[in-house]
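Contents: one structure, followed by commentary.
Derivation of every value follows stated rules applied to the coordinates shown; laboratory data play no part. Every value quoted in this text rests on a predicted model; they were computed, and no experiment measured them. Cβ atoms come from the backbone with ideal geometry, glycine included; neighbour counts cover every protein chain shown.
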Amino acid sequence: MTTWRIMITIARYHLLQRLLYLVLPWAILAFSFAVNLVISAELPPNTNRSGGLATIYVYVFAGGLLATVRSLPFGLALGVSRRSYYLGTAGLGVVLAAVYGLALTAAQALERATGGWGVTLHFFELSYLLDGPWYLTWLTSFVGLVLLFVHGMWFGLVYRRWNLTGLVAFIAGHISTLLAAALVVTWTHTWAGIGDFFTALSAAGLTGVLAALAAALLAGGFTTIRRVTV
């Protein structure tokens with residue numbers, strides 16, 4: 001079989017769990033939307049903004065995590081190479097992100113057309129991130145979803161390779177990096193400059209930054225899976 005056929009087969013292997021990848025993310029998002037809609041209906045007429053959209057992004061991270069923690073052993077037992085499994089799984093994440101992004105873009109368009117669902121609720125439209133034209137909303141949603149999926153994959157691979165100790169160290173590394181960056185910025189008194197940078201940065205520019213980060217995470221996960229044992 002060619003590499004592309006193997007990758008497609010791996011993606012189809014994951015989609016045997018349709019509940020995990022096709023049903024639950026939207027069921028959870030729908031519940032979050034319903035809760036926010038009810039709350040907004042009881043608030044005074046105004047622009048009610050919500051962070052409930054984050055639920056689908058968090059779930060996509062969990063989906064990437066489960067794809068490597070739970071599904072990897074059986075996939076490798078079928079004789080698939082680690083490289084093919086990784087690329088096939090990441091490919092699934094890219095396709096899902098593209099489709100999910102289109103659905104979120106359509107929901108945002110409907111939200112705008114109805115004046116925030118009749119209660120001025122901004123659930124699918126987020127200031128600065130998802131408030132531009134439809135194509136930019138789709139692109140930003142797509143990049144963000146891919147980033148979280150591959151990040152979740154990397155977390156799962158770290159656990160598979162180094163068990164719980166390695167995962168804790170990996171998380172500690174994330175926190176330490178953020179802390180070190182915050183300390184450097186504080187000591188150099190550049191918080192205002194960073195704020196100005198992100199304020200001046202367009203949504204398209206931010207999407208580019210997220211895309212570069214997603215590529216780095218993808219490379220990190222690929223490096224990790226090469227020595228994973230199951």
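Key figures
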quantity	calculated
Ranking of 38, 119 by count of other Cβ atoms within 10 Å, fewest first	38, 119
Net charge contributed by nearby residues that have their C-beta within less than 15 Å of residue 167 (K/R +1, D/E -1)	+3
Stokes-Einstein D in µm²/s, Kirkwood radius over Cα pairs - the range 3-225 at 10 °C with 1.306 mPa s viscosity	83 µm²/s
Residue 49 long-range amide H proximity, modeled H, under 5 Å	122
Size of electric dipole in the range 3-225: Cβ of Lys, Arg +1 and of Asp, Glu -1, about Cα centre, debye, nearest 20	980 debye
Reduced Cα scattering model of the range 99-230, Debye log10 I(q)/I(0), q = 0.09, 0.18 Å⁻¹	-0.40, -1.07
Exposure proxy order (Cβ contacts within 10 Å, fewest to most) of 125, 111, 42	42, 111, 125
Sum of -39500 (n - 2.57) over DSSP H runs of 4+, divided by residues of the chain (222 nm, nearest 500)	-26000 deg cm²/dmol
Shape category assigned to the range 146-195 from the gyration tensor of Cα positions, a/c cut at 1.5	oblate
Packing-based exposure ordering (other Cβ within 10 Å, fewest first) of 39, 225	39, 225
